[in-house]
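Single-structure report; data block below.
The values are calculated or read from the model by the stated rules, or taken from the named source; none is laboratory data. Remember, predicted model here, so these are calculated numbers, not experimental data. FYI the Cβ positions are ideal-geometry reconstructions off the backbone, even for glycines, and counts take in every protein chain you see. The accessibility values were calculated without ligands, DNA or RNA, using every heavy atom of the protein model including side chains. Shrake-Rupley method; radii C 1.70, N 1.55, O 1.52, S 1.80 Å.
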Amino acid sequence: MKKFLAVFLSLLMLTGVCMALISCVSGEDKDDDKTQGGTQNTVEADVYAPDGAPALALAQLMSEEMQFGGKVTYNVVAADTIQTFVTGKEPQAELCILPVNAAAKLLGTGETYQMLGAVTHGNLYVLSAKHNEEITAENAAELLAGTKIGCLQLNNFVGYALRTVLSKYEVSFEERSDKGETNETEKAYLYNVDGTEITPAADYDYMIAAEPAVSKKVNATKDKPKPLTVVGDLQALYGEKGYPQAVLVAKKDFIAKNTDFIQDFTDAVASNAAWLLNEQTSAKTIYDAVVGHYLKEGTTPTFGESDLTKEVIGACAVRFDSAASCKTRVTEFLAELSVAASQTFSVEDAFFYTAA
């Protein structure tokens, strides 16, 4: 009896060890399942976009609080702060939208972030209260020479794009702060302005601003004796169906660990363009999606709900082109911006993400 009991206890112990081993192996498999292929249910991502057209590129995702099986936090911030979220020892953004020139300057090596795609393709327009003739490719050189042009972000993307267009039409230019008399009729004089200076009373022949803020300015002055009107489309003047203006980037190590998430996220960004223009998607829905995700309370929107007509949204040129499909356009445009800005905006091949 004692021998039988001893054998029985030994069998029980052996069974327990086997069950423990099976449980352990099973647990290891489950852990592997959580990480292989970037499975989504463990993903946490902070996403940042500057206010304005770039934020519209995420509007549906924010409106529907798309989580992609993980935990995604969307943040809309002031345009002049966006680069702070992709710089430093531990950048805050897993994913971020920023101007293509800033992305090239800060992240162009591809060591920390990679470009997933371009999300806007030019939303810059020419305003005037003094002139009403439309600026076209045929008359641009004639109309722009000898004028004063007030430009938002003269020494950033907007100003570089303006200089690129002026160069295309062989209009020489000079940056000035003095608004006094100008003598040369063959040269355009460029001035850095902020949004509050873009008014019918401003002492400029033309002013360059971005949609949807452009429409907000036009609507606010339409009852004035000399209202602001749109007299030129910088993208049309540039040609090539515009240019890659804002791009979506993601941390390289985040991409590597979460490839399924990245695919789902970029698919949603691609679908967002049609959602924005769908007649069933109201201006209020879009406006609330953006304003509801401001990182700081009390931030003043660059546009109002009434500005978000389908025509205005169309003028923001929001669409997703993958990094692989627009690599050549990006590199060529950055070369043009480099000449216009008298500085180098270059990217290495590693900067462009290509799905496996």
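The phi torsions of segment 251-258, fed into the Karplus equation with coefficients 6.51, -1.76 and 1.60 and a -60° offset, translate into couplings of 4, 4, 5, 5, 4, 4, 8, 9 Hz, rounded to whole numbers, with Gly and Pro shown as x. Phi-derived couplings, Karplus 6.51 cos²θ - 1.76 cosθ + 1.60 at θ = phi - 60°, listed residue by residue for segment 324-337: 5, 7, 10, 4, 5, 4, 5, 5, 5, 5, 4, 5, 5, 5 Hz, with x used for Gly and Pro.
Charge tally around Tyr74: other residues with Cβ under 11 Å, Lys/Arg +1 each, Asp/Glu -1 each, net -3. Relative to the longest principal axis of the Cα atoms of the chain, the long axis of helix 2-35 lies at roughly 10 degrees.
How do Tyr191, Tyr287 rank by accessible surface area computed with a 1.4 Å probe, from largest to smallest?
Details: Tyr191 5, Tyr287 50 Å².
Listed by decreasing accessible area, they come as Tyr287, Tyr191.
So if we plug the beta-carbon distance of Lys310 and Glu134 into 1/(1 + (r/R0)^6) with R0 = 25 Å, what FRET efficiency do we get, rounded to 0.05? The formula returns an efficiency of 0.70 here. For the set Lys168/Lys251; Lys251/Lys327; Lys89/Lys327; Lys216/Lys251; Lys252/Lys310, the pairs lying more than 25 angstrom apart at their alpha carbons are Lys168/Lys251; Lys89/Lys327; Lys216/Lys251; Lys252/Lys310. Here the chain is assigned +1 on the Cβ of each Lys and Arg and -1 on the Cβ of each Asp and Glu. Its dipole about the Cα centre then comes out at about 860 debye.
Here the label points at Asp223 and Leu295, each 7 Å from Cα along the C-beta direction, are separated by 3.7 nm in the simple model.
A Förster distance of 41 Å, applied to the separation of the beta-carbon atoms of Ala256 and Asp178, puts the FRET efficiency at 0.20. The HN-Hα couplings worked out from phi for segment 108-114 by the Karplus form 6.51 cos²θ - 1.76 cosθ + 1.60 (θ = phi - 60°) are x, 6, x, 6, 9, 10, 10 Hz, whole numbers, x standing for Gly and Pro.
Volume of the convex hull of segment 45-116 (Cα atoms only), normalised per residue: 93 Å³. Seen against the Cα atoms of the chain and their longest principal axis, helix 259-277 is set at about 40 degrees.
The Cα trace of the chain gives Rg and Dmax of 26.4, 118 Å, the first to one decimal, the second as a whole number. Computed with a 1.4 Å probe over protein heavy atoms only, the accessible area of Lys130 comes to about 110 Å².
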